[in-house]
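Okay, structure first, notes after.
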Amino acid sequence: MHMENTETAGFKVIFSVWFGLLGLTVCEVFLAYRALPLVTMFVILMILSVFKAALIIAYFMHLRYEQPSLFVTLIPAFIFVIGMMTVIFADSSRLSHMRSLIQ
Amino acid sequence: MSSSSDVVGGVHGQAESTTAKLSFWDGGSLPYSIPSKKLGMWLFIVSDAITFSAVIFAYGYLRLAAPDWPRPFETSSIVNATVMTFVLLSSSVVMVLAVRASSQGKVGSAVGWLLATALGGVLFDILHIREWLGLIHEGVRPFQNPWGTPMFGAAFFTMTGLHMTHVTIGVIYLLIVAAGYRAKKLSPVDVEVSGLYWHFVDLVWMFIFPLVYLLSAKMA
């Protein structure tokens, strides 16, 4: 029987990740008040969110310290599903463009 | 022609291989080196993440497609949502401490951290309900609002409501785990599995906060 991997992140790493997440949140709030185009703002905020999510999964949820097979089983399929969902944004942008032409 | 010792060796090897297969299929080994409860929670998280993704993508679609999407969130609302983010992130760190204490066999300490995590969830819910009541007071309903696209209310309440439901279920789950762990009916693995759920709830908020609040902040 395999034993569970007991390697974990130390306090220093956990608190560094926490500060990093708080810092990224402050950056997002700062960006929210910049006069950037909506789509640009959306893309930047989502990239920052993906980065924050990756930190939470890797360190708080411990996936970085698990067997690689668990990562391979869970994450690529999920990314594929998310990738398939992004196709709707082309239509969203088309709709917004058409509405602005009518107005 | 093989000798008798080869035949014996071959039969013995075959028997060993059969035993290994039997123990594998009998559940005698852990292919991911984690307990089955933990794997079950990971699979649930992936399926729930897909549900949230669908809702988040639908919100994103509506947000980008509507030029008259309301921007109702004053600075006070943004500050409130930022505090909610801080509370949730901090509760995640506290949850890590609970998992660590339980893995070291420190029951009292683990229960204390679990209760502190649940308290963070309660605080998050209170702040969120306050935000909801503020918007309802201003006239936001599922299919109408005073500012723009009528869909804003439905999209906002659906997404934040789904998340708030998860937080509330998480608080109840943590309290059950804390009580069970204290009574020695649950193991450190159960604490770790509840931690995975809590971190997932935190993770989802990392997308809802910028998408709902920051993209609809009222400019001065």
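The values are calculated or read from the model by the stated rules, or taken from the named source; none is laboratory data. Since the structure is predicted, the reported quantities are computational estimates derived from the model, not experimental observations. Positions of Cβ are generated from backbone atoms using ideal geometry, with glycine treated the same way; all protein chains shown enter the neighbour counts.
The combined condition, being without any contact (Cβ under 8 Å) to a residue 24 or more places away in the chain and either closer than 30 Å to A:HIS97 by Cα or not small (Gly, Ala, Ser) (or both), is fulfilled by B:VAL93.
Residue by residue, here is whether (1) modelled with pLDDT of 95 or more; (2) in contact with a Ser or Thr (Cβ under 6 Å, 6 or more places away or on another chain); (3) surrounded by 14 or more Cβ atoms within 10 Å (Cβ to Cβ); (4) within 14 Å of chain A (Cβ to nearest Cβ) holds:
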{"site": "B:GLU131", "(1), (2), (3), (4)": "yes, no, yes, no"}
{"site": "B:ALA155", "(1), (2), (3), (4)": "yes, no, yes, yes"}
{"site": "B:THR165", "(1), (2), (3), (4)": "yes, no, no, no"}
{"site": "B:ALA178", "(1), (2), (3), (4)": "yes, no, yes, no"}
{"site": "B:LEU186", "(1), (2), (3), (4)": "yes, no, yes, no"}
{"site": "B:ALA217", "(1), (2), (3), (4)": "no, no, yes, yes"}
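Checking each residue in the stretch A:94-103 for being exposed (fewer than 15 other Cβ atoms within 10 Å of the Cβ) and of a type in the set (Gly, Ala, Ser) picks out only A:SER100.
When residues in the stretch B:113-154 are screened for being under 15 Å from B:SER216 (Cα atoms), not small (Gly, Ala, Ser) and not in a helix (DSSP H, G or I), 6 of them pass. When B:ALA66, B:ALA98 are checked against the criterion of being in contact (Cβ under 8 Å) with a residue 12 or more places away in the chain and within 11 Å of chain A (Cβ to nearest Cβ), a single residue qualifies: B:ALA66.
Residues in the stretch A:52-83 that are under 16 Å from the mean Cα position of the chain (by Cα) and exposed (fewer than 13 other Cβ atoms within 10 Å of the Cβ): A:PRO76, A:ALA77, A:ILE79, A:PHE80, A:GLY83. When the stretch B:36-54 is examined, which residues are found to be over 16 Å from A:ILE79 (Cα atoms), in contact with a helix residue (DSSP H, G or I) (Cβ under 6 Å, 6 or more places away or on another chain) and crowded, with 17+ Cβ neighbours inside 10 Å? Of everything in the stretch B:36-54, those that are over 16 Å from A:ILE79 (Cα atoms), in contact with a helix residue (DSSP H, G or I) (Cβ under 6 Å, 6 or more places away or on another chain) and crowded, with 17+ Cβ neighbours inside 10 Å turn out to be B:LYS38, B:MET41.
Going by what's in this entry, would A:TYR59 be described as more than 9 Å from chain B (Cβ to nearest Cβ), in contact (Cβ under 8 Å) with a residue 40 or more places away in the chain and of a type outside the set (Lys, Arg)?
Against the criterion (more than 9 Å from chain B (Cβ to nearest Cβ), in contact (Cβ under 8 Å) with a residue 40 or more places away in the chain and of a type outside the set (Lys, Arg)), A:TYR59 does not qualify.
For the stretch A:66-81, the criterion of being out of contact with any Pro (no Cβ under 6 Å at 6 or more places or on another chain), of a type in the set (S, T, N, Q) and without any contact (Cβ under 8 Å) to a residue 40 or more places away in the chain is satisfied by at least one residue. Counting only helices (runs of 4 or more DSSP H) that sit completely within chain A, those holding 3 or more residues that are of a type in the set (Ser, Thr, Tyr) and modelled with pLDDT under 95 correspond to A:88-102.
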